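Derivation of every value follows stated rules applied to the coordinates shown; laboratory data play no part. A quick note: this is a predicted structure, and the numbers were derived from the prediction, not measured. Here the Cβ positions follow ideal geometry from the backbone for every residue, glycine too, while neighbour counts run over all protein chains shown.
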Amino acid sequence: MERRTFITTALAGTACLALGVNYYSSDYVGVNKELDDKHRLLFSVLVPVFLDGALPDVAALKRDAVNRTLDSIEHTISLLPQDSFDELEQLLEMLEGRLGLLILTGSMTPLMMRKQPELIEMLQSWRTSYMDMMVTAYQGLRELVMASYYSSPEHWSRLHYAKPTFLENMK
Amino acid sequence: MAIEDPIVTGLDSGWSHINAAKLTESQTLEADVVIVGSGAGGGVAAEILTEAGLSVIIVEGGQLKSSKDFVMEERVAYPDLYQQAAGMKTTDKAIGIFQGRAVGGSTTVNWTTSIRTPEPALDYWAQAKSVKGLSRIELDPWFEKMEHRLNISKWAYEPNRNNQALKHGCEKLGWQYTVIKRNVLGCWNTGYCGMGCPVNAKQSMLVTTIPAALERGATLVSQAQVIKIEHHNDKIFALKAQAVDKNMKPLPVELMFKAKHYILAAGAIHTPTLMLRSQLPDPYEIIGKRTFLHPTLLSGAVFSDPVNGHSGAPQSIYSDEFVWQNGADGELGFKLEVPPIHPILIASKTLGYGQSHAQLMEKFNQLQVTIALVRDGFHDNSQGGQVKLTDHGFTLDYPLTDAFWRAARRAFASMAELQFAAGAKQVLPISEGMPYLSSWNEAKKTISEMDLAPLKTVVASAHVMGGCPMGEDPKLSMVNSFGESHYFDNLSVMDGSIFPTSLGANPQLSIYGITARNATRLAEKLKVG
């Protein structure tokens, strides 16, 4: 590839390209590909990796849990103060662009095209990186996903945790 | 029968409350005293000043929420009641900070632990920080007054299993421990203090001093963020505020507040931020510097029996075995406590993801967590952090020093020793790379060699102090020992920002007692004036 072509492609890279959505037919996650301005597609790739072992085993329940988590992530992002929002947005846009993906992961292979062990390897390399920027990227995404998943009462059954019911009983 | 909500009842009875987010036009409001912030300092000051017959306006950036809104779910409580939805972090993101943001401030969401200011801290302030008149003998009557006012008394019931482990470990090892005094009245022992008390048992500012002030005619303005102190020579002449939505995003309406006297009580991050943004005189460049946390380490322990750390009074036992062991300015000490265990808190403050994290979460009810709160601000290598302005707000730059990491290693070892003594099957220091440890012998060796570093070791804090210190020497302080500005006749500071160091104890009662003393003096001065 000529250098000029590479730069043009990289800068024109859209979220769909980076995530490999052109090659991926998703009837699994509730995402409108044309209107994915909330990074749902990106998180739909990451959530099952972060929550492997925590998500329900039954496919339909798993799909619902992932979708609830994606909704919750979207809501959490909307609550962030401007500085944190800007930082997160920058990270997510990098992960949705080919050049950013190359910088952050050493590969332009779209995330959606990567297998689970490869995604785990990517998260592990950030987690153990000597660069604070990579570690904070990992931790930021991890906290966002974990907090969003465990915020839903529907996801507490494995914890055997439930809030008290005395208030409901008093109504 | 439903729980009565005293805020709803009060508002129905005609309390003066303005939700700035609902205003359509800018307004100017006047009173004898305007108080910025409605937490431990602002609430106590408001009650005392209105009792003295002064007119008071309380300005709060957060929302007015009350027991009807406290539904015992983290997903509701964190966005509604905490700064940055409980996601606030220091500049390098190495420390997570939990700070309240609603009417009542952090008192609406704290875990009710009430401790008088430790004598070694007061002695150090007198000796090294030019603080006068704040010995324990002088302060004790003020602590008694506030303990009486807020029903602060020793927790008379059995500690929950999480706290019991701390107690049993201390008993086995011969370590000091104390049964905690709590500001509760008719507590239901449910364990949801951190999400706002659903039954109004917690004697927070929301249900005590603020209602008392409103009964006496004070005005509460919520969702108004004070953005500028207008000043000229030695006088403050107005405060400018902006209406904000529930996420603190600015709305078009502005408010002006005018008063004879102004009190800053916005907490140890927002008070210095407001002073910096308003460019108050600061010839010795003190504002925002020496801001302190109690940087806190976490140690998880797996027990074979259910711990159910979400249930029951969240904190009822602490140990001061290691807080002052090396003298005030020696190696950093740490206080041992336990936190309540709820899903988001534990999921986000533990490590890893995927199968290993899921397995940890499956042990949720067998999990005991001990925390070590490191006492900062006394040792030469423990100068705390600095509040700095950013384009959109502030940041707290808080480098963790070698002295802190030495204390952290000792703290992890002490917590593991305690947890094994209490019967833990496994202990997991919450720091990257640490395995589950199966015995105290294994823990001792592994912890002595463990890697400790920012971002690798989980550090959190719920206590913010300093940044606008008190003292008689203007080279060391912004306000005198009564919280009165060195530079303005009509400005006082009444919150945790006036502490010259951290405390080595949970701060709410220190703020209540010292504010009661300082607000009483201010009320006398203003009445004469």
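Would you mind computing, in nm to one decimal, how far apart the modelled labels at B:ASP473 and B:ALA156 are, each placed 7 Å from Cα along Cα→Cβ?
Inter-label distance under the simple model: 4.8 nm.
Over the whole of A:81-91, what's the average partner chain Cβ count within 10 Å per residue? Rounded to a whole number, please. Mind dumping the intermediate values first?
Numbers: counts 12, 6, 7, 7, 1, 2, 1, 0, 0, 0, 0.
Mean number of neighbouring Cβ atoms from other chains: 3.
For the range B:206-323, list log₁₀ I(q)/I(0) at each q in 0.10, 0.20, 0.23 Å⁻¹, using the Debye formula over Cα point scatterers of equal strength and ignoring solvent, two decimals each.
Per q value, in the given order, log10 I(q)/I(0) is -0.56, -1.23, -1.41.
Calculate for the protein assembly as shown the 222 nm mean residue ellipticity that helices alone would give, adding -39,500 (n - 2.57) per DSSP H run of length 4 or more and normalising by residue count, nearest 500 deg cm²/dmol. Display every interim value, and only then the final one.
Numbers: 22 runs with 254 residues, N = 700.
Calculated from helices alone, the mean residue ellipticity at 222 nm is -11000 deg cm²/dmol.
What does the convex hull of the alpha-carbon atoms of the protein assembly as shown project to on average, in nm²? Write down the numbers at each step before the final one.
On the way: hull surface 126.6 nm².
The orientation-averaged projected area of the Cα hull of the protein assembly as shown comes to 31.6 nm².
For chain B, which longest stretch is free of loop sites, where a loop site is one of the GluC sites (Glu not before Pro) that DSSP puts outside H, G, I, E and B and that has at most 13 other Cβ atoms within 10 Å?
Working: sites that count: B:GLU4, B:GLU25, B:GLU285.
The answer is B:26-284.
Using only alpha carbons, build the gyration tensor for the range B:357-489 and give me the equivalent ellipsoid semi-axes, biggest first, whole Å.
Numbers: eigenvalues 291, 55, 41 Å².
Largest first, the range B:357-489 gives 38, 17, 14 Å.
Please determine, in degrees from 0 to 90 and to the nearest 10, the orientation of helix B:440-449 with respect to the longest principal axis defined by the Cα atoms of chain B, where the helix direction is its Cα long axis.
Here the helix axis deviates by roughly 60 degrees.
Between B:LYS527 and B:GLU230, what is 0.36 nm times their sequence separation minus the Cα-Cα distance? Round to one decimal in nm. Walk me through the intermediate numbers first.
Numbers: separation 297, 0.36 × 297 = 106.92 nm, distance 2.40 nm.
Working it through step by step, the gained length comes to 104.5 nm.
How far is it, in nm, from the label point at A:VAL58 to the one at B:ASP402 when both lie 7 Å from their Cα along the line to the Cβ?
The modelled label-to-label distance comes out at 5.9 nm.
Multiplying the sequence separation of B:LYS388 and B:LEU185 by 0.36 nm and subtracting their Cα-Cα distance, what value in nm do you get?
Working: separation 203, 0.36 × 203 = 73.08 nm, distance 3.95 nm.
This chain segment gains 69.1 nm when fully extended.
Using the Kirkwood radius over C-alpha pairs as Rh, can you work out the diffusion coefficient of the range B:109-162 via Stokes-Einstein at 4 °C, viscosity 1.567 mPa s, in µm² per second? Before the final figure, lay out the partial values.
Values: Rh = 13.3 Å.
Value of D from the Cα-based Kirkwood radius: 98 µm²/s.
Mind jotting down the three principal axis lengths of the range A:29-171 based on Cα atoms? Whole angstrom, largest first.
Cα extents, longest axis first: 56, 36, 36 Å.
Of B:LYS65/B:LYS235; B:LYS89/B:LYS258; A:LYS163/B:LYS154; B:LYS181/B:LYS289, which pairs sit farther than 29 Å apart, going by alpha carbon to alpha carbon? Each step should come with its number before you reach the end.
Values: B:LYS65/B:LYS235 34 Å; B:LYS89/B:LYS258 34 Å; A:LYS163/B:LYS154 26 Å; B:LYS181/B:LYS289 32 Å.
Result: B:LYS65/B:LYS235; B:LYS89/B:LYS258; B:LYS181/B:LYS289 exceed 29 Å.
Given all pairs of different Cα atoms, what value in angstroms does the Kirkwood hydrodynamic radius of chain B take?
Numbers: mean 1/r = 0.0432 Å⁻¹.
About 23.1 Å, per the Kirkwood formula over Cα pairs.
How long, wide and thick is the range B:286-357, going by the Cα atoms along their three principal axes, in whole angstroms, largest first?
For the range B:286-357, the Cα extents along the three principal axes come out at 45, 27, 22 Å.
Looking at the range B:250-284, which chymotrypsin sites (Phe, Trp or Tyr not before Pro) are DSSP coil and have at most 16 other C-beta atoms within 10 Å of their C-beta?
Values: sites: B:PHE257, B:TYR262, B:TYR284; in loops: B:TYR284.
The qualifying sites are B:TYR284.
With no solvent and one equal point scatterer per Cα, compute the Debye intensity ratio I(q)/I(0) for the range B:19-97 at 0.26 Å⁻¹ and report its log10, rounded to two decimals.
Evaluating at q = 0.26 Å⁻¹ gives log10 I(q)/I(0) of -1.18.
Using Cβ contacts closer than 10 Å as the measure, can you line up B:ASP80, B:ASP12, B:ASP234, B:ASP123 from fewest to most? Intermediate values should be presented prior to the final figure.
Values: B:ASP80 21, B:ASP12 9, B:ASP234 12, B:ASP123 15.
Final ranking by Cβ density, sparse to dense: B:ASP12, B:ASP234, B:ASP123, B:ASP80.
Where does the range B:40-175 land on Rg/Rh, using Cα atoms and the Kirkwood Rh? List each step's numbers first, then the result.
Numbers: Rg = 18.8 Å, Rh = 18.6 Å.
Radius of gyration relative to Kirkwood radius: 1.01.
So what's the gap between the Cα centers of the range A:79-150 and the range B:1-18, to the nearest angstrom?
46 Å
Obtain the nm distance between the two label points defined at B:THR91 and B:SER13 by a simple spin-label model: each point lies 7 Å from its Cα along the Cα-to-C-beta direction.
4.8 nm
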